[in-house]
Amino acid sequence: MKVSELKKLLKKNGCYKVREGGNHEIWYSPKTGQTFAVPRHNAREVPAGTLNSIRGLAGI
């Protein structure tokens with residue numbers, strides 16, 4: 001899954017960007033109450049472990 005697709009999925013599930021970090025964006029999930037980092041490079045593929053971690057923190 002590309003970073004741009006992941007961001008669309010996060011928005012669809014109620015998550016939103018809180019701020020921008022160095023190489024990542026910091027997102028918040030109202031479902032879990034947690035913040036998490038999402039890579040900024042939209043065209044790149046997200047590694048499987050990173051994707052699973054982000055989806056878990058987002059409650060998806």
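The values are calculated or read from the model by the stated rules, or taken from the named source; none is laboratory data. Bear in mind that the values here come from a model prediction, so they are computed numbers and not experimental data. Here Cβ is always computed from backbone atoms with ideal geometry, including for glycine, and neighbour counts include all displayed protein chains. The area values use the complete protein model at the heavy-atom level, side chains included, leaving out ligands, DNA and RNA. Shrake-Rupley method; radii C 1.70, N 1.55, O 1.52, S 1.80 Å.
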> Taking 0.36 nm per intervening residue step and subtracting the Cα-Cα distance, what contour gain separates K2 from T32 on full extension?
Replying inline: 8.5 nm
>> Going Cα to Cα from K8, which aspartates and glutamates come in below 16 Å? Please leave out same-chain ones fewer than 8 positions away.
In response: E25, E45
>> Explain nothing, just compute: Karplus ³J(HN,Hα) = 6.51 cos²θ - 1.76 cosθ + 1.60, θ = phi - 60°, for every residue of segment 35-40 in order, whole Hz, x for Gly and Pro.
In response: 9, 7, 8, 10, x, 8
> In segment 1-36, which residues have a backbone nitrogen under 18 Å from the label point lying 7 Å from N52's Cα in the Cα-to-Cβ direction?
Replying inline: 1-2
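Give, as a single signed number, the net charge of other residues whose beta carbon lies under 11 Å from the beta carbon of H24, with Lys and Arg counted +1 and Asp and Glu -1.
Values: positive: K17, R19, R40; negative: E20, E25.
With Lys, Arg at +1 and Asp, Glu at -1, the net is +1.
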> Measuring from label point to label point, each 7 Å out along Cα→Cβ, what is the I60 to R40 span in nm?
Replying inline: 2.1 nm
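Over the chain, give the accessible area per residue in Å² for a 1.4 Å probe, as an integer.
Working: 3720 Å² over 60 residues.
That works out to 62 Å² for each residue.
Report, to the nearest whole %, how much of the accessible area of the chain belongs to carbon and sulfur atoms, 1.4 Å probe, protein only.
Numbers: 1880 of 3720 Å².
Within the chain, the accessible surface is 50 percent carbon and sulfur.
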>> On alpha carbon coordinates alone, what is the Rg over Rh value for the chain, Rh being the Kirkwood radius?
In response: 0.91
